[in-house]
Amino acid sequence: MLTYLMKRLGLAVAVICAVVVVLFSLLHLIPGDPATIALGPRATPEAIARYAAKMHLDEPVWMQFLIYIQNAVQGDLGVDVFSDRPVAAIVGERLGFTLALITTGLGWAILLGVPLGCLAAVRPNSWLDRITGVLSVGTIAVPSFLVSIWALLIFAVTLKWLPAIGAGEPGDTLDQLTHLVLPAFAIGLSWVGYLARMVRASMLEVMGENYIRSARAFGLTPRKVVYGYALRVAILPTITLIGMGFGGLISSAVFAEIIFARPGIGKLIFDAVMARNFPIVQGAVLVATSLYIIIVLISDLLIAWSDPRVRENF
């Protein structure tokens, strides 16, 4: 397990380093002077010179890269062009809103998708299995931004059951949870279908194994066989899907945060791109990518801990 852990950590660090190189290269691949692009065409030569000196843009490219790597390792992601605040502080303020949205959206999808997949596998070709299949395909096919728009129009504008925009009053937990319902529903709906189909396929494969037949032959209850033995093995591929789903929900959260005007990393990146605030874009993308890699690493370690065959074949 320790060898597998070291290999996975090395791979994760390599991916993060590749992301850092790509993010640094994007700034220099954009046509034009980075300082002029960041400050705008009306900036004075003196302001451009000060900005270039502050961001080390007057240094050679290789020196800029080394400075960028050194600062990133120390947690320094640069300075915001407009507010002159550290990028790490700005991203940290928005990170909690995005994590709450993603966790809630994926959480309710797991609570609904996994039981649906189990019930569909236990009763294959039944009316419940067919309804689950139709609902799964339907939820997968609908994009999250379309669900966000219709949820906003139906539940917030027409029925007025839930608030439309914002993240709620600071310190008011109930108000914040109320503002979280619609965007979490929008980004988690498609993952109900993904999880249900994955659990159903895994359960059908596991239910045909010899040890499941032996458990039934010994007279164990159906609940014990399904949830005590079959689901423990069938859930392993779903753990990987959940880890991958976390990264997919980061991109879905961008649309939800824009539509529902929630302060999060997705909306922060969108606003920074529109304002050509490249330090914010680089810092926010680096944090989001690192977070995704860490979640995938945790899911891989959980699978390796549960199934020794995974770490032996890596």
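The values are calculated or read from the model by the stated rules, or taken from the named source; none is laboratory data. Small disclaimer: the values here were computed from a predicted structure and weren't measured. Methodologically, a virtual Cβ is constructed for each residue, glycine included, from the backbone with ideal geometry; neighbour enumeration extends over all protein chains shown. Just the protein is used for accessible areas: all its heavy atoms, side chains included, with ligands, DNA and RNA removed. Shrake-Rupley method; radii C 1.70, N 1.55, O 1.52, S 1.80 Å.
Odds and ends about this structure:
- Within the range 77-150: Cβ-based charge dipole about Cα centre, in debye rounded to nearest 20 (Lys, Arg +1; Asp, Glu -1): 320 debye
- Rg/Rh for the range 63-142 stands at 1.35; both radii use Cα atoms, and Rh follows the Kirkwood definition.
- Panel note: the C-alpha atoms of the chain, placed on their principal axes, show extents of 83, 56, 36 Å (largest first).
- Sequence-distant aspartates and glutamates (8 or more away, or on other chains) whose Cα lies within less than 17 Å of LYS54: ASP33, GLU46, ASP76, ASP80, ASP84
- When peptides 119-130, 93-104, 58-69 are sorted by average Cβ neighbour count within 10 Å, with the highest value leading, the order is 93-104, 119-130, 58-69.
- Positive-pole candidate from ILE16, ILE140, ALA284, dipole of the chain, charges at beta carbon: ILE140
- Mean separation of Cα pairs under 8 Å and 6 or more residues apart, divided by the residue count, gives the range 59-132 a relative contact order of 12 percent.
- Taking Lys and Arg as +1 and Asp and Glu as -1, the other residues whose beta-carbon sits under 14 Å from that of ASP129 total +4.
- Highest mean packing comes first when the peptides 233-243, 188-198 are listed by Cβ atoms within 10 Å, giving 188-198, 233-243.
- Derived value for the range 198-280: Kirkwood hydrodynamic radius 16.0 Å. Basis is the mean of 1/r over every pair of different alpha-carbon atoms.
- Average accessible surface for the chain: 54 Å² per residue, computed with a 1.4 Å probe over protein heavy atoms with every protein chain in place.
- The listed residues PHE24, PHE218 rank as PHE218, PHE24 when sorted by accessible area, largest first, using a 1.4 Å probe.
- Förster radius 22 Å - calculated FRET efficiency between TRP161 and LEU128 (Cβ-Cβ, nearest 0.05): 0.15
- Mean Cα-pair separation over length for the range 26-177, i.e. relative contact order, pairs under 8 Å, 6 or more apart, %: 8 percent
- Pairwise Cα distances in the range 140-259 exceed 17 Å for 65 percent of all pairs.
- Amide proton proximity set for VAL79, modelled H, under 5 Å, gap of 5+: VAL87
- Annotation for the range 277-291 versus the range 180-226: alpha-carbon center distance of 36 Å.
- With helices as the sole contributors, the chain gives -25000 deg cm²/dmol at 222 nm; each DSSP H run of n ≥ 4 counts as -39500 (n - 2.57), and the sum is divided by every residue.
- To put it simply, the accessible area of the chain at a 1.4 Å probe is 69 percent carbon and sulfur.
- Residue-span extension gain [VAL73 to LEU29] - 0.36 nm each, minus C-alpha spacing: 13.5 nm
- In the range 33-96, Cα pairs under 8 Å separated by at least six residues give a relative contact order of 20 percent.
- Cα convex hull of the range 71-213, projected area averaged across orientations, nm²: 13.8 nm²
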